[in-house]
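To keep things clear, I will list the structure first and then write my remarks on it.
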Amino acid sequence: MNLFLAWLIALVFLPLAAVSAAAQETEENPSAPLKAVAILYPTEGNNVSGTVTFTEVEDGVRVQAEIIGLTPGNHGFHVHEFGDCSAPDASSAGAHFNPTDQPHGAPDAAARHVGDMGNVEANASGAAELNYVDHNLSLTRDKLSIIGRSVVVHAKADDLKSQPAGDSGARVACGVIGLAKNNSGAN
Ligand code: CU
Ligand code: ZN
């Protein structure tokens, strides 16, 4: 093989091999459920942090949260409209995510904001866990999708009825919702 031909083959095939390898490493598994994650960071003056995952299931989206640094008791827990936690008080996250123009309500109410996930309940150590399937959230359906929005945890309980936000007080933690790798199974 002459040198030119060898060089031509390398020029054509090496980049193809590189692209193919990269695609295999990062490609989402189309048969696995979509998954998203929000890492919660404390707002100014608070110590609340945690992780929230969202996984597509047959009848909705499974929401799993582990949060620490709370005061004991219930704390409002919502998807807010903007994926922007940059303000010291997380006011940059905007209002509750409400693409269907409904009133504020409980997670199981007929009328609610899409972002209304109710409360997380912290134990005496300030740790909260939540695991439920939400029937309003979506990771895929265009205007209902929560990807690129934010999760906010509040100082007080969401009373599930006061308008427009359940009277749940200051924002103590905030995290942007992004796509997570989904090809390692349902976890
Ligand atoms: Cu909120
Ligand atoms: Zn709401």
What base-10 log of the normalised intensity I(q)/I(0) is obtained for segment 110-157 from the Debye formula, alpha carbons as equal point scatterers, at q = 0.29 Å⁻¹? -1.26
Nonlocal amide H pairs with residue 177, under 5 Å, H built at 1.01 Å: 148, 149, 150, 151
In whole angstrom, the spacing between the Cα centers of segment 92-108 and segment 112-187 equals 11 Å
Once amide H atoms are built 1.01 Å from N in the peptide plane, which residues 5 or more positions from residue 170, or in another chain, come under 5 Å H to H? 155, 156
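Here, each number is a calculation from the coordinates, and none is a lab measurement. Here the structure is a predicted model, which is why all the values come from computation and not from measurement.
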